[in-house]
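Here the structure is laid out as structure tokens; the discussion comes afterwards.
Please treat every number below as a calculation from the coordinates, not as lab data. Since the model is a prediction, treat every value here as computed from it, not as a measurement. Here Cβ is always computed from backbone atoms with ideal geometry, including for glycine, and neighbour counts include all displayed protein chains.
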Amino acid sequence: MSIEELKVSIKNLNVFYGEKQALFGINLNIYANEVTSLIGPSGCGKSTLIKCINRMNDLVDICRYNGQIMIDGEDINDPSTDPVSLRTRIGMVFQKPNPFPKSLYDNVAYGPRLHGMTNSKEELDELVITSLQKAGLFNEVKDRLFEPGTGLSGGKHQRLCIDRAWAVNPGMILLDEPCSALAPMATAQIDEIREDLTKKYAIGMVSRAINHAARIYNETAHIHTG
């Protein structure tokens, strides 16, 4: 790997929740156009680690950490870094699908609207349709774009959440066990999307399934008790 392909560099990261230390001296690189899997048992710190990458742990009052996290050569914990702006560059999909209580269209359009990414209704329509096509959802939902996104099945819920994450054109996407509650067919559909995602994004993905990780990921990092 050349240095130009390095997306995230984590050095000597220690994370604490109050007096309890959750991560110990983590060193990890995540590269562009690859899927990096974080595997390990429940409670070992996988989710804590990815939440440090987009500074979601800032929202936890008792959480503190030290060490360095660089994204595209920039220190994300530098005082000049705006965490809200940072999170627009890093899409996040959680273990439990969390579609907004809005229409399918508005779920996808929410981020682009918020960040002023389009200049007209026509441009926004095109962005929503293109995003749904990339997620393999458009043909399945094109006749109910303005119905609630919460009405979809679990697998479609998760594809909608992935779609919502990439609609703002982030530089990377973090996936926190997105397939753990899905049926095998839905998991296979998510895997197909993930292959397309790596053509454009760096992917960091939490997983407990080692066999699954070995089958589809480029790099695997094992975390055990922090």
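Per residue of the range 49-61, in order, report the coupling 6.51 cos²θ - 1.76 cosθ + 1.60 (Karplus, θ = phi - 60°) as ³J(HN,Hα) in whole Hz, putting x for Gly and Pro.
5, 5, 6, 6, 5, 10, 6, 5, 5, 4, 7, 9, 4
Could you calculate the FRET efficiency of Leu114 with Asp143 from 1/(1 + (r/R0)^6), where r is the beta carbon distance between them and R0 is 25 Å, rounded to 0.05? Intermediate results must be reported in sequence, preceding the final value.
On the way: r = 27 Å, r/R0 = 1.06.
According to the calculation, E is roughly 0.40.
State which entries of Lys121/Lys156; Lys7/Lys51; Lys11/Lys199; Lys46/Lys200; Lys7/Lys200 exceed 18 angstrom in Cα-Cα distance in the structure shown. Provide the component values of the computation, followed by the final result.
Details: Lys121/Lys156 25 Å; Lys7/Lys51 16 Å; Lys11/Lys199 26 Å; Lys46/Lys200 24 Å; Lys7/Lys200 12 Å.
Flagged as over cut-off: Lys121/Lys156; Lys11/Lys199; Lys46/Lys200.
Count the net charge of all other residues whose Cβ sits under 15 Å from the Cβ of Leu152, scoring Lys and Arg as +1 and Asp and Glu as -1.
Values: positive: Lys96, Lys102, Lys142, Arg144, Lys156, Arg159, Arg164; negative: Asp106, Glu140, Asp143, Glu147, Asp163.
Result for the local shell: +2.
Treat each spin label as a single point 7 Å out from the Cα along the C-beta direction, and report the Asn12 to Asn29 distance in nm.
Inter-label distance under the simple model: 1.9 nm.
Find how much the distance from Glu126 to Ser42 grows on full extension, using 0.36 nm per residue of separation minus their present alpha carbon separation; answer in nm with one decimal. It would help to have the intermediate numbers written out before the result.
Working: separation 84, 0.36 × 84 = 30.24 nm, distance 4.05 nm.
That pair, Glu126 and Ser42, stretches by 26.2 nm at full extension.
Measure out, as a whole number of angstrom, how far apart the alpha-carbon centroids of the range 101-130 and the range 9-30 sit.
Result: 36 Å between the Cα centres.
With θ set to phi - 60°, apply the Karplus curve 6.51 cos²θ - 1.76 cosθ + 1.60 along the range 29-41 and write out the HN-Hα couplings as whole Hz, x wherever there is a Gly or Pro.
10, 10, 9, 5, 6, 9, 9, 9, 9, 10, 10, x, x
Say each of His224 and Arg89 gets a label point 7 Å from the Cα, pointing the same way as Cα to Cβ; how far apart are those two points in nm?
3.5 nm
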